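Just below is one structure, and these are the notes that go with it.
The values are calculated or read from the model by the stated rules, or taken from the named source; none is laboratory data. Just so it is clear, the model here is predicted, and its values are computed rather than measured. Quick reminder, even Gly has a Cβ in these numbers, built from the backbone with ideal geometry, and neighbours come from all protein chains shown. Ligands, DNA and RNA are stripped out before the accessible areas are found, and what is left, the full protein with its side chains, is counted by its heavy atoms. Shrake-Rupley method; radii C 1.70, N 1.55, O 1.52, S 1.80 Å.
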Amino acid sequence: MHLTDYEKQMLDGQMGKFKQKAMQFIVRYAEVLGAEELCQISRATLFIGAQHYLDCYAEDTDYKKIFSEFYLCSDEIVELGEVSECCKTQTCAACCDLREYERTHLSREFHERNRKYLEATKEMGVKIVDSCTPYYVGWVPMMGEHFVTTESSNVVISNTIFGACGNSDGVEAAVCAAITGRIPKWGMHIKENRYATCVFTLDFEVETQMEWDLLGFTLGRLLPKHEVPVIVNGLKNAEINRMRQLCASLSVTSAAEICHIVGLTPEAQTLDMALGGKKPRHQIHVTEKDMEESLSILCDKGSSKVDFVSIGCPHISLDEIREIALYVKGKKLPEGVELQIWTDYATKEMAAVNGYTKLIEDTGAALLTGSCPIVMREDSHRHATAMVMFGAKQAFGIRHQTKVPVYYGEVFSCIDAAYNGRWEEG
């Protein structure tokens, strides 16, 4: 594998043990992948903090030891340094809201541990953003810009809409990439791997946010392994919030890291452009029956009382918060029913300035930030007797953490279920 002089200096330890250990990881990663060289990255999101993958450590374990062992894969405890100056780095979704813990049923001790870990992360030069929708708060990569991210929906959005180049890298790889500013040149970092190989045509139109959400889930179910999808028709009213849902749900049911949309994706202004001038390996016709099958997977049958409703997977935008605030204005949640609405810290601050937060919280609902029930895990929702979720990523993922009924539907149907205390089928 070819390394530049700069990369060799990092690997040799000339830039300190912190960067050396991270570079050793990146080189091993590249060797496993068969990459011939590394590429420079300019952006990274890190799934870091007191995340539940660190539950294997005792609560009083020194964070320097945790960081060295877990992220740098080092038996030697290393003094923590800074991330690369060339890489704009911010945190991905958090393990909890930074301020609220009682409303999310998590312990104060867990929140304090997360805060402690994030303080150490800040010292490394990582910006604490705690968002799974970073493009709402500063993440806008240019076409051709190389990035790493641990957020599955963000990788699809960044490749598809912005034309940036990146893969769904693991937690440790993303941390080491941010420290070194380097990642193996493979996958979506290489132009030839980005061309579409599977053409999807729809015999219906998708317009509402829920339909875009369901479509992504459906495409992922139908996409053959190791193929790159392109959609040629059927999408109406394309905008970032609908694309967010499509990309998020696609990443649940497939390993796709890009989804070309003819006329929308920078690299797919025509079908031939998306395909790179080659013939597709697969052509799949998507029917309304396929969408109905996806809905049956996501939403349990029947009607029921519900006591736990969550909106915002991925985190929602300021425009959506406004719509929700005006919709619920003057209403009151029934006793014992929770409505959690999830966004990021910056967006919540804008919501507060505009009066939306007050309208929502006056009803008994909570506008929360940084996390979601799936990432917070079972402690946050084990008390629930029946759940309502929007979107598909959350409705599908939460099933692995609960045995109670889970319902899924259009966002305002979910909100209605909260204020009625009941989900009505259909």
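Could you tell me the calculated FRET efficiency between residue 352 and residue 301, based on Cβ-Cβ distance and R0 = 45 angstrom, to the nearest 0.05?
Efficiency for this residue pair is about 0.70.
Counting alpha carbon pairs within less than 8 Å and at least 6 residues apart, what relative contact order, in whole percent, applies to the chain?
Details: 893 pairs, mean separation 70.0, N = 426.
Averaging sequence separation for qualifying contacts and normalising by length gives 16 percent for the chain.
Give the percent of DSSP beta bridges with both residues in the chain that are antiparallel, rounded to the nearest 5.
Details: 5 of 40 bridges.
In the chain, DSSP labels about 10 percent of beta bridges as antiparallel.
Using unit Cβ charges (K, R positive; D, E negative) and no other charged atoms, how large, in debye to the nearest 20, is the dipole of the chain about its Cα centre? Provide the component values of the computation, followed by the final result.
Working: 44 positive and 60 negative charges, 39 e Å.
So the dipole magnitude of the chain works out to roughly 180 debye.
Relative contact order for region 4-120 using alpha-carbon pairs under 8 Å, separation at least 6, rounded to a whole percent?
Working: 102 pairs, mean separation 33.4, N = 117.
It comes to 29 percent, rounded to a whole number.
Applying the Karplus parametrisation 6.51 cos²θ - 1.76 cosθ + 1.60 with θ = phi - 60° to the phi angles of region 33-40, what ³J(HN,Hα) value in whole Hz is obtained for each residue in order, glycine and proline being reported as x?
My calculation for region 33-40 gives 6, x, 6, 8, 7, 9, 10, 7 Hz in order.
When only the heavy atoms of the protein chains count and the probe is 1.4 Å, how do 85, 59, 100 rank by accessible area, highest first?
Numbers: 85 185, 59 130, 100 50 Å².
If we order 85, 59, 100 from most to least accessible, we get 85, 59, 100.
What is the Å³ per residue value for the convex hull set by the Cα atoms of region 127-286? The partial results should precede the final answer.
On the way: hull volume 16.8 nm³, N = 160.
For region 127-286, the hull spanned by Cα atoms encloses 105 Å³ per residue.
Once you keep just the Cα pairs under 8 angstrom separated by 6 or more residues, what percentage relative contact order results for region 152-216? Intermediate results must be reported in sequence, preceding the final value.
Details: 26 pairs, mean separation 14.1, N = 65.
This gives 22 percent for region 152-216.
Once amide H atoms are built 1.01 Å from N in the peptide plane, which residues 5 or more positions from residue 338, or in another chain, come under 5 Å H to H?
Amide H neighbours of residue 338, under 5 Å, 5+ apart: 308, 309.
Among 65/348; 305/358; 236/358; 19/393; 64/225, which pairs are too far apart, with a Cα-Cα distance over 31 Å?
Details: 65/348 34 Å; 305/358 27 Å; 236/358 33 Å; 19/393 35 Å; 64/225 39 Å.
With Cα atoms farther than 31 Å apart: 65/348; 236/358; 19/393; 64/225.
Can you give the calculated 222 nm mean residue ellipticity of the chain, where each DSSP H run of n ≥ 4 adds -39,500 (n - 2.57) and the sum is split over every residue, rounded to the nearest 500 deg cm²/dmol?
Values: 16 runs with 154 residues, N = 426.
Calculated mean residue ellipticity at 222 nm is -10500 deg cm²/dmol.
Could you tell me the convex hull volume per residue, in Å³, taken over the Cα atoms of region 280-350? All intermediate terms of the calculation are to be shown ahead of the outcome.
Numbers: hull volume 12.9 nm³, N = 71.
Measuring per residue, one finds 181 Å³ for the Cα hull of region 280-350.
For region 150-167, take each phi angle, set θ = phi - 60°, evaluate the Karplus expression 6.51 cos²θ - 1.76 cosθ + 1.60, and give the result in whole Hz per residue in order, putting x for glycine and proline.
Whole-Hz 3J(HN,Hα) from phi for region 150-167: 9, 9, 5, 6, 5, 5, 6, 4, 5, 6, 7, 8, 8, x, 6, 10, x, 10.
Compute the signed sum of charges (Lys and Arg +1, Asp and Glu -1) over the other residues within less than 12 Å, Cβ to Cβ, of residue 305. Numbers along the way, then the final one.
Details: positive: 422; negative: 307, 424.
Here the count lands on -1.
List every residue whose amide H lies under 5 Å from the amide H of residue 127, counting only residues 5 or more places away in sequence or on a different chain, with H placed 1.01 Å from N in the peptide plane.
Answer set, sorted by chain and number: 89, 90, 91.
So, with +1 on the Cβ of K and R and -1 on the Cβ of D and E, and no other charges, what is the size of the charge dipole of region 273-313 about its Cα centre, to the nearest 20 debye?
Numbers: 6 positive and 6 negative charges, 76 e Å.
The dipole of region 273-313 has a size of about 360 debye.
Grab every C-alpha pair in region 1-68, bin the distances at 10 angstrom width from 0 up to the longest one, and report whole percents.
Result returned by the calculation: 16, 38, 32, 13, 1.
What is the sum of charges around residue 357, taking Lys and Arg as +1, Asp and Glu as -1, for the other residues whose C-beta is under 15 Å from the C-beta of residue 357?
Working: positive: 99, 103, 322, 329, 348, 358; negative: 97, 100, 319, 320, 323, 344, 349, 361, 362.
Charge balance near residue 357 sits at -3.
Step by step: find N for region 360-426, compute 2.2 N^0.38 Å, then divide the Cα radius of gyration by it. What's the final number? Show your work: numbers first, answer last.
Working: Rg = 11.9 Å, N = 67, 2.2 N^0.38 = 10.9 Å.
Relative to the 2.2 N^0.38 Å estimate, region 360-426 comes out at 1.09.
How large, in Å, is the chain by the Kirkwood hydrodynamic radius built from its alpha-carbon pairs? Write down the numbers at each step before the final one.
Working: mean 1/r = 0.0447 Å⁻¹.
Taking the inverse mean of 1/r over all distinct Cα pairs, the chain comes out at 22.4 Å.
Residue by residue through region 283-291, which ³J(HN,Hα) values in whole Hz follow from phi under the Karplus form 6.51 cos²θ - 1.76 cosθ + 1.60 (θ = phi - 60°), with glycine and proline marked x?
So the Karplus estimates, Gly and Pro as x, are 10, 10, 9, 9, 10, 5, 5, 4, 5 Hz.
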